[in-house]
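This report refers to the structure that appears directly beneath it.
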Amino acid sequence: MSPIRFTHALVRTPGPSIVHGLRAGDGPDPDFDQFLTEHSGYQQALVDAGVQVVDLGALNQFPDAVFVEDAALCVGELAVALRPGAPSRAGEADAMVDDLRPWFGEVVRLNAGHVDGGDVLVTGKEVLVGCSARTNPAGVAALAEALAPQGLPVRLVDTPAGVLHFKTACAVLDDTTVFATRRLADSGCFDRYRVLLAPDGEEAAANLIRVNDTVLVRSGFPHTCDELRAAGYAVVVVDADHAARVDGGLSCMSLRCTPPIAAGNGTGPGYTA
Ligand code: CIR
C-alpha cells in the first residue's frame with residue numbers, strides 16, 4: 001500500500017446547496033458556478049496526474065458532500081464508511097456505502113464514535129488520526145479496529161486547536177516525508193518523518209495532495225511551490241478559492257485510491273474523464 005500512488009480518484013460534483021456549506025468564519029458564500037469551474041479544473045489536474053476520475057454524483061441534500069474525503073476512507077483494498085462529526089454530514093456516509101460497493105465490494109462501516117476523513121493521514125508507515133472537533137477517541141478506536149486486519153497501525157494524535165482537520169495542516173509527500181505547518185510539526189507528531197515546513201504566511205497551503213508523480217498545491221502560495229520544486233517535486237497549481245470559502249481544500253475533494261474492482265464491476269458510476 002503506497003500513500004502516493006493511485007489508479008483512481010473518486011469525486012462528487014457539488015450541488016447548488018454548496019453555498020450553504022459549513023464554515024467556521026462568516027465570510028462570503030462560495031459562488032456555485034465558480035465552484036463548478038474550479039472543481040472541473042481540479043478533476044483535470046487529477047487526470048493529468050494519471051488517475052481515472054470517477055464522479056459519484058451530486059448529493060444536493062448534503063451541502064458539504066463535495067468534500068468526499070470526510071465520509072469515507074479508502075486504503076489499499078479496504079473502504080470504510082466513516083462517521084462524520086458534523087450532524088449535517090452524517091448521512092453522507094450512508095451514501096458512500098452504496099457508492100463504494102461497486103469499487104471495493106464490501107464496505108466496512110465505522111461502528112462507534114466519530115471520524116472525519118480529513119483527520120486521517122495515511123503514510124507509508126502508519127495511519128495518523130487527529131482528534132478534533134469532528135473526530136473523537138471512540139471513533140479513532142473503532143477505526144483502529146477496522147484497519148487492524150490490513151496490518152495498518154493507527155496512531156492517535158491531536159489536531160491543533162482551532163484547526164478544522166488534521167490534514168488542514170499537513171500532507172504526505174512520499175513514504176517518509178510530510179509537509180506540515182510549523183505549529184503542527186512542533187507538536188512532535190512527525191518526529192519519525194522528514195518534514196518540509198509550510199513557509200510562514202502560507203500555512204493554508206499545507207492541505208496539498210501528492211498524486212503519483214505530482215504535488216497539487218492550491219493557488220496563491222508561491223513560496224510553497226518554490227520550496228517543493230527546490231526539493232525535487234513536480235508541482236501543479238489548482239484553484240480552490242471557492243472551496244476555501246467553506247473551509248475546504250484539495251485533499252477533501254477526492255478519495256485517491258486503487259480500488260480492487262478497477263472498473264467498478266460494470267455497475268459503478270460513469271467516468272468523467
Ligand atoms: C465542513 O466544515 O465539513 C466542510 N465545509 C469542509 C470540509 C473540509 N474537509 C476537509 O478538509 N477534509
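The values are calculated or read from the model by the stated rules, or taken from the named source; none is laboratory data. Given the structure is predicted, the values throughout are model-derived calculations rather than measurements. A quick note on method: Cβ atoms are made from the backbone with ideal geometry, for glycine too, and the neighbour counts reach across all protein chains shown. What goes into the accessible areas is simple: the full protein's heavy atoms, side chains included, and nothing from ligands, DNA or RNA. Shrake-Rupley method; radii C 1.70, N 1.55, O 1.52, S 1.80 Å.
Values as computed for the structure displayed
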| read-out | value |
| --- | --- |
| Antiparallel DSSP beta bridges within the chain, as percent of all bridges there, nearest 5 | 50 |
| Translational diffusion of the chain, µm² s⁻¹ [Kirkwood Rh, Cα pairs; Stokes-Einstein; 10 °C; 1.306 mPa s] | 87 |
| Efficiency of FRET between ASP213 and ASP191 - r from beta-carbon atoms, R0 30 angstrom, step 0.05 | 0.65 |
| Length gained when the stretch ARG155-MET1 is fully extended (0.36 nm per residue, less Cα-Cα span) | 53.7 nm |
| Orphan Cys of the chain, criterion: no other Cys C-beta under 4.7 Å | CYS131, CYS170, CYS189, CYS225, CYS252 |
| Heavy-atom accessible area ranking, 1.4 Å probe, most first, across LEU164, LEU143 | LEU164, LEU143 |
| Per-residue ³J(HN,Hα) for the range 207-214, Karplus 6.51 cos²θ - 1.76 cosθ + 1.60, θ = phi - 60°, Hz, x for Gly and Pro | 7, 9, 9, 9, 10, 6, 8, 10 |
| Heavy atoms of HIS242 accessible to a 1.4 Å probe, total area in Å² rounded to 10 | 10 |
| For q = 0.11, 0.15, 0.17, 0.21 Å⁻¹, Debye-computed log10 I/I(0) when each Cα of the range 1-92 counts as one equal scatterer | -0.35, -0.65, -0.83, -1.15 |
| Residue among ALA234, ALA79, ALA198 with the largest mean-square fluctuation in a Gaussian network model of the chain, springs linking Cα atoms under 10 Å | ALA234 |
| With every protein chain in place, the range 140-273: carbon and sulfur % of accessible area (1.4 Å) | 50 |
| Surface accessible to a 1.4 Å probe, PHE62 within the full protein complex, Å² | 40 |
| Accessible solvent surface per residue of the range 8-265, calculated while the other protein chains remain in place, 1.4 angstrom probe, Å² | 38 |
| Over the range 149-273, volume per residue of the alpha carbon convex hull, in Å³ | 149 |
| Residue-count net charge about ALA206 - beta-carbon cut-off 13 Å; Lys, Arg +1, Asp, Glu -1 | +1 |
